[in-house]
Amino acid sequence: MFQIADGISLCKVNHSERKYFDELVPLKTGTSYNSYIVRGTEKTALIDASYPQTASEFFRQIEGLERLDYIVANHGEQDHSGLLPEIMRRYPNAKLLTNAKCRGLILDAMSLDESRVETVDESSSYDLGGKTLKFYMAPWVHWPDTMFTFVPETRVLFTCDFLGAHSTLDACFAPEDESTLAAAKTYYAEIMMPYRAHCAKYIKLVREIDPLVICPSHGSAYDNPEFILRAYEAWTADSCKKLAAIPYVSMYGNSVKMAEYLSEKLSERGVSTVMVDVVNGDLGEYLKAIVDAGAIVYASSVVLAFPHPAMANIVYLTNLLKPKAKYFAVIGSLGWGGMLVKRITDMLATSKPELIGDVVAKGKPTAEDFARLSALAQTIAERLA
Ligand code: FEO
């Protein structure tokens, strides 16, 4: 347990063995599920529960906790609510406090005594004795049920998933360095980016609340909120960087050769590039790149007339995550045929970026194909200027 502020402690349960989050994004060092204990002079509250697979470590950390009056569920997803039945069994006098939407989701997901669940809203206030629990509704970061809890006396804000990171650092507060930003940015891309406008709105809300400490339920806490707030303001802004993300897959070396040539021509025109091998590379690097990129260029081989399945997975994921890039292009090489550009364009139907060019070679790219790649680089540079 770590001390966050007077009477507030962090129960940080690391799940280092976890290899994927949502069975989707590789985790370099696992993740943590954070719960917080708020002690008043009369009552004690637990903010967010934990994940059933790490129950033994959770209960080991809160072993000395004899009394629990309230359990706050800021969010109903299982990594923060899965242990509620067991916690409520061990603390039979504890009431569960949550908002109406979250209440429904939790009761759908697990068996709880409904008479012990109290519904809260922004007018609710729970006095623990020298510490008060107040609530701010913040739906759609990234589920419809999310909210924040605030203790005004210590100005500590509990944001659950929002502003979190997949990190198992053995530290109460996140260091203000590149590795913290990288972990937070990858997490933002995977979990928050589809709701970018909501995130921007809630960053403003957090600034209005003006906490001294921000306590998410993944990763470490922030004792200098400015560090993470500024990062989110940049990530959620409409403006993009002069950056092109180039995910690629190449069965016979032609598509990667085209991608490398395009990358070189973009660099000559002042556009940075991040090339990511979608089969053997780091998906996290791609996710970080598309937080800022102004354009995405899909460079793919063709399998049985369709985009390579590894590329289809990337295009599908990108469409779900809705990065702010307005432009995309498709390059690659055919075997015997296929509608590479149309298939990829169709897969981006929800996020609707604009197709600003394509270069598809028949087998080995020709001098004419390379000339068209130079022209594509020029188009991209002009759009991102
Ligand atoms: Fe960490 Fe949406 O759960």
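Within 23 Å of the chain's Cα centre (by Cα) and on the phi < 0 side of the Ramachandran plot: does that describe Met147? Yes. Number of residues in the stretch 163-183 that are within 16 Å of the ligand (Cβ to nearest atom) and over 20 Å from Ile4 (Cα atoms) equals 1. In this structure, is Ile246 open to solvent by less than 30 Å² (accessible area, probe 1.4 Å), within 26 Å of Ile314 (Cα to Cα) and free of Cβ contacts under 8 Å to residues at least 60 places away in the same chain? So Ile246 fits the description; yes.
Leu65 satisfies every condition listed in (1) touching a residue at least 40 places away in the same chain (Cβ under 8 Å); (2) surrounded by fewer than 24 Cβ atoms within 10 Å (Cβ to Cβ); (3) away from the ligand (no atom under 16 Å from the Cβ); (4) under 19 Å from Ile4 (Cβ atoms) except (1).
Scanning the stretch 130-162 for residues that are more than 12 Å from the ligand (Cβ to nearest atom) and open to solvent by 10 Å² or more (accessible area, probe 1.4 Å) turns up Gly130, Lys131, Thr132, Lys134, Tyr136, Met137, Pro139, Phe150, Pro152, Glu153, Thr154, Arg155.
Of all residues in the stretch 331-360, those satisfying the criterion of being open to solvent by less than 20 Å² (accessible area, probe 1.4 Å), over 25 Å from Trp235 (Cα atoms) and either free of Cβ contacts under 8 Å to residues at least 40 places away in the same chain or part of a strand (DSSP E or B) (or both) are Ile331, Gly332, Ser333, Gly337, Gly357, Val359. For the stretch 196-220, a residue qualifies if it is crowded, with 20+ Cβ neighbours inside 10 Å and within 15 Å of the ligand (Cβ to nearest atom), and the qualifying residues are Cys199, Tyr202, Cys215, Pro216, Ser217, His218, Gly219, Ser220. Test Ile290 against the criterion of being within 20 Å of the chain's Cα centre (by Cα), open to solvent by less than 10 Å² (accessible area, probe 1.4 Å) and farther than 30 Å from Met1 by Cβ, and give yes or no. When the stated conditions are applied, Ile290 passes them.
Would it be correct to say that Tyr286 is out of contact with any Lys or Arg (no Cβ under 9 Å at 6 or more places or on another chain) and in a strand (DSSP E or B)? Spelling it out, it is not the case that Tyr286 is out of contact with any Lys or Arg (no Cβ under 9 Å at 6 or more places or on another chain) and in a strand (DSSP E or B).
A single entry from Asp108, Asp127, Asp113 fulfils the requirement of being open to solvent by 10 Å² or more (accessible area, probe 1.4 Å), within 16 Å of the ligand (Cβ to nearest atom), outside the structural domain of Asp282 (by TED's automatic domain parsing) and at pLDDT 95 or above: Asp108. Entry remark, the stretch 169-195: residues being farther than 30 Å from Ser351 by Cβ and open to solvent by less than 30 Å² (accessible area, probe 1.4 Å) number 3 in total.
Inspection of the stretch 257-273 identifies at least one residue that is at pLDDT 95 or above, assigned by TED's automatic domain parsing to the domain that holds Ala371, open to solvent by less than 50 Å² (accessible area, probe 1.4 Å) and β-branched (Val, Ile, Thr). Being within 27 Å of Lys342 (Cβ to Cβ) and part of a helix (DSSP H, G or I) is the requirement here; does Leu317 meet it? Answer is yes for this residue. Residues that are in contact (Cβ under 8 Å) with a residue 24 or more places away in the chain, under 16 Å from Thr379 (Cβ atoms) and open to solvent by 40 Å² or more (accessible area, probe 1.4 Å): does the stretch 308-329 have at least one? Within the stretch 308-329, one or more residues are in contact (Cβ under 8 Å) with a residue 24 or more places away in the chain, under 16 Å from Thr379 (Cβ atoms) and open to solvent by 40 Å² or more (accessible area, probe 1.4 Å). For the stretch 22-53, the set of residues classified as closer than 18 Å to Ser81 by Cα and of a type in the set (A, V, I, L, M) consists of Ile37, Val38, Ala45, Leu46, Ile47, Ala49, listed by residue number. If you go through the stretch 23-62 and keep only what is more than 15 Å from the ligand (Cβ to nearest atom) and among the aromatic types (Phe, Trp, Tyr), you end up with just Phe59.
The values are calculated or read from the model by the stated rules, or taken from the named source; none is laboratory data. Everything numeric here is computed off the predicted structure, so don't read it as measured data. Every residue, glycine among them, receives a Cβ derived from its backbone with ideal geometry; neighbour counts consider all protein chains shown. The protein model used for the area step is the full one, side chains on, heavy atoms only, and it has no ligands, DNA or RNA in it. Shrake-Rupley method; radii C 1.70, N 1.55, O 1.52, S 1.80 Å.
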